[in-house]
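Engineer: Sending over a structure as structure tokens; questions will come in a sec.
The values are calculated or read from the model by the stated rules, or taken from the named source; none is laboratory data. Just so we're clear, the structure is a prediction, and the values are computed from it rather than from any experiment. FYI the Cβ positions are ideal-geometry reconstructions off the backbone, even for glycines, and counts take in every protein chain you see. In case anyone asks, the SASA skips ligands and DNA or RNA and just uses the protein heavy atoms, side chains included. Shrake-Rupley method; radii C 1.70, N 1.55, O 1.52, S 1.80 Å.
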Amino acid sequence: MATAIELETSHGTGHGDDAGHGHAEHPPTSTGMDSRKLLMWAFLASDTMFFGALIATYMTYRGRSEELAVPPYPFDILDIPYTSISAFVLLMSSLTMVLALSAIQRGNYRGLRVWLLATALLGSIFVGGQYFEFTEFYHEGLTLQGNMFGGSFFILTGFHGTHVTIGIIWLMTLFVVSLRGGLSREKSMNVEIAGLYWHFVDIVWIVIFTLVYLIPYEEVENLAEPAAQGYLWLSTMASYAGSLIR
Amino acid sequence: MAAIVHPQRVPAPAYAAPKPEATGLWSWLTTIDHKRIGILYGTSAIFFFLLGGLEALIIRTQLIRPENSLVSDQRYNELFTMHGTTMIFLAIMPMSAAFFNYIVPLQIGARDVAFPRLNAFSYWVFLAGGIILNLSWFFNMVPDTGWYGYAPLTSIMFSPADNVDFWALGIQVLGLASLAAAFNFIVTIINLRAPGMTMMRLPIFTWATLIVNVLIAMAFPAITIALALLSFDRFVGTSFFSAYNLVDGNLITTGGDPLLWQHLFWVFGHPEVYILVLPAFGIVSEIIPTFARKPLFGYAVMVYALAAIAFLGFGVWVHHMFTTGLGPTVDSVFAGTTMLIAIPTGVKILNWVATMWGGSMVFPTAMLFAIGLVSQFTIGGLSGVMHAVVPVDQQHNDSYFVVAHFHYVLFGGSIFAIFAGIYYWWPKISGHLLDERLGKMHFWLQFIGFNMTFFPMHFLGLAGMPRRYSSYGEESGWWFWNVVASIGAYLIAISILLFLYNVARSLRDSRRAGDNPWDAGTLEWAMSSPPPVYNFRDIPVVTHRDPLWAEKYGSHAVPADEGTLDVTLGGAKVGEADVADEDPGKQIEHRMDTDDTHDIHMPNPSFYPLVAALGIFLAALGLLVNNPWITFQLLSLPSLSVLGLLIMIFGIYGWSFEPAG
């Protein structure tokens, strides 16, 4: 997180190849790629593992609440049409992000600001939608504590929502810097790096949306008695734990 | 060991530093110089190493006789938990980071790392994590669940007090520091190499650094997520790692799985083993060629072996879980991958031996420690590959045999190599040599002490002595080897005291070490000792793997690498070096022709990294100490954490908008 934001305007020792800071003695980099951009790629590789660990956790517990008959169930809670719309909005923000980068590279600063703002706005609609969705689910009885579906759903999608929120703050920072004339054409790398992050967060949502929302869950009626499912030991452990508490 | 002269290339004291180097506390708090940050990492790591060593000594004293009652059972649990956590996260990792910081930019001919302020941030966050972990002693809430923190022992039901929270948040903060540093070093090594230094001309220690930091970047997310989920279990009341949950007074079977913790932990934990030992391999691969007086045998294969170990390291984690009953298929697959890892590791051992074979060997202390690693790591590696055999692993599980195994790898390997590195690079860092007579006493005492302590543990383990038990009965027959082990531990302690005395003496020594006391071949030895703040006055152009040897002895002395000797920069050819030209100095071209060092631009010091790290420290501390909580709708946070987050955001923004200078 700290790493990501640091990128945007810091020149570090400016080993980058963008001419924006004009220290002639800085040699170009060994690969010719801007160091900040490479840092972003390294961070995104690592971030993939963050999401990987969370998605693995979600998939481990996918279907467990239904098997153990601990409501609420995903097929009762999830509203696929609603989330499809907000997913569409988020994916469209990748288009406006590309337009923002294209604008600054052509020196069209007004266009840059318009598209930065549009991207941040679309992102905000997504996050706002998620806030509404979370509140709605909570009122329907889905909590972090109540069952495994609630816990793993809120943590996974919440972690993604936090990423989008940080992205929005980043884009708005770029917008303000541009308003104050601090974002010239030579500094288009600042927008490009923010764009890398933004596209990554969009791509991750495609995976999460598919795994959490689109792949159907088995209806509870199709399941046999939970105890017969081999989870007898869980109930045994629970009663043992209960006796410990008392 | 005569110092060699490098015409033109040595930034001799005649060149003044661009600005006089600042001194005083403030200059250290705001420093972004990779060499100073390396020194900060090193001194902190030595401090924590002594702390972890003290904990080990108490453990060994407790076990010196049957039914001993020096410490209580609870205290004993705390001691082995903190000993493991401290040695791994606060001693070996930062000690490696100290070498990464100090040596790597010099070896690749860079002015600094790619992101100097991010580098300072990494150090301060590391320190914050170390402080959080050890603050637990003052609150008497010391972590007591082992360094692996298995669920459900860590759940709020079995560990209701804050002990586990100090552990989880401390490691969480340390992980953040490691991740930030990892991104920095990956970029530095890929992007800041001197002209002509192709990837296959990188010094092998730099290769090890690159691979270790890729490992950190890819492995730490798993533990970060695992610790975050654990913290959610403990602070918010989720049940990721326990099968049941108490909601509004009702016990419900949610179906959370304690085994998920072990998976997430060991997906991180096994690569972590290589994070601890690969830097050691890199250090030793620098030292052995220097003192065998010939280039490293099989350089390319050594690089591939490092990469292979790192890659395979992600596919073996279940061998830590053979006793959890995952079934014969899973066990067989992971037994196979575990055996596979022995191949690249064996290649490395053989290549070190082949490097020494036929060399004109000299044996200063650094070399003794390096050979110490080769021999002791072989023992640790052999007892390690034994555990690829599932029934053997199940027999050895949680016995002292395992303790013997991983101390041979991590102490006999990592720590010995770290001391080798200290003896080897100390003259570069301090400008003074360490005393060789004291050094050799240190080595032999530590070598004997180490083997006395840990070799008998093989016997104890096979005789059935379990790990982590605070005492044993007289009738067990384990007394004798425990006494031997404890005496060995005291010998190690004495050897460490000798080392500290040696360091203190060297710092007051008036004699200078010279630029290249070992006549080594890599770039860091071309600079004055200690190097000036800007490192190289002129960025060198590299045409060979061991540039100083090529320059001194002619290029026939080092094998030509596979590529051409084109000098490339940013993918473009900027020059060509004549392989046949053996005239010293001529192979080094100067890209810059500055007349004085005033043109060398160095970034300004900054205190924002410290501010951001302080924010993170407070954010974590808020969850551990009593302070009012602020509630906003469903969200509730401690006020100290909120303050910490605000300070962190202030630090990041101040840092982003501060002119880099």
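Engineer: If a residue must be open to solvent by less than 10 Å² (accessible area, probe 1.4 Å), within 13 Å of another protein chain (Cβ to nearest Cβ) and not in a helix (DSSP H, G or I), how many such residues does the stretch B:606-661 contain?
Structural biologist: Residues meeting the conditions: 1.
Engineer: Could you check how many residues of the stretch B:273-298 are crowded, with 24+ Cβ neighbours inside 10 Å and either among the charged types (D, E, K, R) or under 18 Å from A:Tyr58 (Cα atoms) (or both)?
Structural biologist: The total comes to 1.
Engineer: Give the residue, chosen from B:Asp393, B:Asp398, B:Asp435, that is open to solvent by 50 Å² or more (accessible area, probe 1.4 Å) and in contact (Cβ under 8 Å) with a residue 40 or more places away in the chain.
Structural biologist: Exactly one residue qualifies, and that residue is B:Asp398.
Engineer: Under the condition of being touching a Phe, Trp or Tyr at 6+ places or on another chain (Cβ under 8 Å) and not aliphatic (A, V, I, L, M), which residue from the stretch B:98-114 is nearest to the other protein chains (Cβ to nearest Cβ)? So that I can check it myself, show each step before the final result.
Structural biologist: Initial filter on the stretch B:98-114 (touching a Phe, Trp or Tyr at 6+ places or on another chain (Cβ under 8 Å)): B:98-104, B:107, B:109, B:111, B:113.
After this cut, where a residue has to be not aliphatic (A, V, I, L, M) as well, the list is B:99-102, B:107, B:109, B:111.
Working: B:Phe99: 20, B:Phe100: 15, B:Asn101: 15, B:Tyr102: 17, B:Gln107: 14, B:Gly109: 10, B:Arg111: 7 Å.
So the residue we want is B:Arg111.
Engineer: Give the residues of the stretch B:132-155 that are within 14 Å of chain A (Cβ to nearest Cβ) and surrounded by 18 or more Cβ atoms within 10 Å (Cβ to Cβ), sorted by residue number. First the steps, then the outcome.
Structural biologist: Going through the stretch B:132-155, the residues within 14 Å of chain A (Cβ to nearest Cβ) turn out to be B:151-153, B:155.
Scanning the stretch B:132-155 gives B:Ala151, B:Pro152, B:Ser155.
Engineer: Quick one: in the stretch B:98-131, which of the residues that are among the β-branched types (Val, Ile, Thr) and buried (at least 24 other Cβ atoms within 10 Å of the Cβ) is nearest to B:Leu179 (Cα to Cα)?
Structural biologist: Step one: list which residues in the stretch B:98-131 are among the β-branched types (Val, Ile, Thr), which gives B:103-104, B:108, B:113, B:125, B:131.
Now narrow it down to the ones that are buried (at least 24 other Cβ atoms within 10 Å of the Cβ): B:103-104, B:108, B:113, B:125.
Details: B:Ile103: 19, B:Val104: 17, B:Ile108: 22, B:Val113: 15, B:Val125: 11 Å.
Here the answer is B:Val125.
Engineer: Do we have any residue at all in the stretch A:137-146 that's within 27 Å of A:Leu99 (Cα to Cα) and open to solvent by less than 20 Å² (accessible area, probe 1.4 Å)?
Structural biologist: no
Engineer: Could you list, in sequence order, the residues of the stretch B:230-246 that are touching a Ser or Thr at 6+ places or on another chain (Cβ under 7 Å), part of a helix (DSSP H, G or I) and more than 7 Å from chain A (Cβ to nearest Cβ)?
Structural biologist: Once the filter is applied, which keeps residues that are touching a Ser or Thr at 6+ places or on another chain (Cβ under 7 Å), part of a helix (DSSP H, G or I) and more than 7 Å from chain A (Cβ to nearest Cβ), the stretch B:230-246 yields B:Leu230, B:Asp233.
Engineer: Related question: Can you give me the number of residues within the stretch A:50-81 that are of a type in the set (Lys, Arg) and assigned to a helix (DSSP H, G or I)?
Structural biologist: 1
Engineer: Okay, moving on. Restricting attention to the stretch B:108-121, does a residue exist that is assigned to a helix (DSSP H, G or I) and under 19 Å from B:Leu410 (Cβ atoms)?
Structural biologist: So far as the stretch B:108-121 goes, no, none of its residues is assigned to a helix (DSSP H, G or I) and under 19 Å from B:Leu410 (Cβ atoms).
Engineer: Further, regarding this structure: Can you work out which of the residues in the stretch A:59-88 that are over 15 Å from the mean Cα position of the chain (by Cα) and of a type in the set (Ser, Thr, Tyr) is most open to solvent (accessible area, probe 1.4 Å)? Even if it seems obvious, please write down each step before you answer.
Structural biologist: Of the residues in the stretch A:59-88, the ones over 15 Å from the mean Cα position of the chain (by Cα) are A:59-82, A:84-85.
If we keep only those that are of a type in the set (Ser, Thr, Tyr) as well, we get A:60-61, A:65, A:73, A:82, A:84.
On the way: A:Thr60: 55, A:Tyr61: 3, A:Ser65: 1, A:Tyr73: 30, A:Tyr82: 75, A:Ser84: 44 Å².
Filtering the stretch A:59-88 for residues that are over 15 Å from the mean Cα position of the chain (by Cα) and of a type in the set (Ser, Thr, Tyr), the one most open to solvent (accessible area, probe 1.4 Å) comes out as A:Tyr82.
Engineer: Considering each of B:Pro195, B:Pro203 in turn, give the residue that is away from chain A (no Cβ under 14 Å), closer than 24 Å to B:Ala520 by Cα and not hydroxyl-bearing (Ser, Thr, Tyr).
Structural biologist: Checking each option against the conditions leaves just B:Pro203.
Engineer: While we're on this one: Does at least one position in the stretch B:245-260 carry a residue that is touching a residue at least 12 places away in the same chain (Cβ under 8 Å) and acidic (Asp, Glu)?
Structural biologist: yes
Engineer: Taking the options B:Val347, B:Val301, B:Val316, name whichever one is without any contact (Cβ under 8 Å) to a residue 60 or more places away in the chain and open to solvent by less than 10 Å² (accessible area, probe 1.4 Å).
Structural biologist: None of the others qualify; the one that does is B:Val316.
Engineer: Looking at this structure, is B:Val187 aliphatic (A, V, I, L, M), out of contact with any His (no Cβ under 6 Å at 6 or more places or on another chain) and open to solvent by 20 Å² or more (accessible area, probe 1.4 Å)?
Structural biologist: When the stated conditions are applied, B:Val187 does not pass them.
Engineer: So which of A:Tyr213, A:Tyr197 is at pLDDT 90 or above, more than 25 Å from B:Phe240 (Cβ to Cβ) and assigned to a helix (DSSP H, G or I)?
Structural biologist: On inspection, the qualifying residue turns out to be A:Tyr197.
Engineer: Right, here's the next one. Only residues that are outside any loop (DSSP other than H, G, I, E, B) and facing chain A (nearest Cβ under 9 Å): list them for the stretch B:156-185, please.
Structural biologist: Of everything in the stretch B:156-185, those that are outside any loop (DSSP other than H, G, I, E, B) and facing chain A (nearest Cβ under 9 Å) turn out to be B:Leu176, B:Leu179, B:Ala180, B:Ala182, B:Phe183, B:Asn184.
Engineer: Going through the stretch B:238-272 one residue at a time, which ones are within 15 Å of A:Gln145 (Cβ to Cβ), out of contact with any Leu (no Cβ under 7 Å at 6 or more places or on another chain), open to solvent by 10 Å² or more (accessible area, probe 1.4 Å) and not hydrophobic (A, V, I, L, M, F, W, C)?
Structural biologist: B:Ser242, B:Asn245, B:Asp248, B:Gly249, B:Asn250
Engineer: Could you pull out every one of the helices (runs of 4 or more DSSP H) wholly within the stretch B:13-92 that has 2 or more residues that are in the same structural domain as B:Met527 (by TED's automatic domain parsing), modelled with pLDDT under 95 and of a type in the set (Phe, Trp, Tyr)?
Structural biologist: Numbers: elements: B:25-29, B:34-62, B:73-85.
Answer list for the stretch B:13-92: B:25-29.
Engineer: A further question on this structure: The conditions are (1) away from chain A (no Cβ under 14 Å); (2) touching a residue at least 24 places away in the same chain (Cβ under 8 Å); (3) part of a helix (DSSP H, G or I), and B:Pro295 fails exactly one of them. Which is it?
Structural biologist: Only one criterion is unmet by B:Pro295, namely (3).
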